[in-house]
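Working notes for the structure below.
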Amino acid sequence: MRTSLHYAESLVPARRTTISRFPMIENGAHFPIVGRRFLDQGQVRRGKVGSADALLFSTRSLVDFAARYFRDALTCP
């Protein structure tokens with residue numbers, strides 16, 4: 001998810017230039033806001049990849065959602 005968010009951010013003109021790190025921790029602690037908002041949209045389901053727990057989602061949907069989020073964030077006062 002994090003790589004897709006970085007990609008979405010790179011699509012936005014006048015994007016931020018400082019680096020922040022957001023560790024992905026279960027139950028929302030330090031989870032990036034845009035990632036949480038995407039999860040809240042209901043486009044993510046939990047499943048298994050092999051025996052590992054995973055979040056399953058369309059990368060294209062995440063990138064489109066995040067790019068809109070970042071563009072909107074840049075136009076808000």
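Considering each residue of region 1-37, count those that are surrounded by fewer than 16 Cβ atoms within 10 Å (Cβ to Cβ), at pLDDT 60 or above and not in a loop (DSSP other than H, G, I, E, B), and give that number.
Qualifying residue count for the region: 8.
Within region 43-54, how many residues turn out to be at pLDDT below 95 and either within 24 Å of L11 (Cα to Cα) or polar (S, T, N, Q) (or both)?
Matching residues across region 43-54 total 2.
The values are calculated or read from the model by the stated rules, or taken from the named source; none is laboratory data. Owing to the predicted nature of the structure, the values given are computational and were not obtained by experimental measurement. Cβ sites come from the backbone with ideal geometry, for glycine too, and all protein chains shown count toward neighbours.
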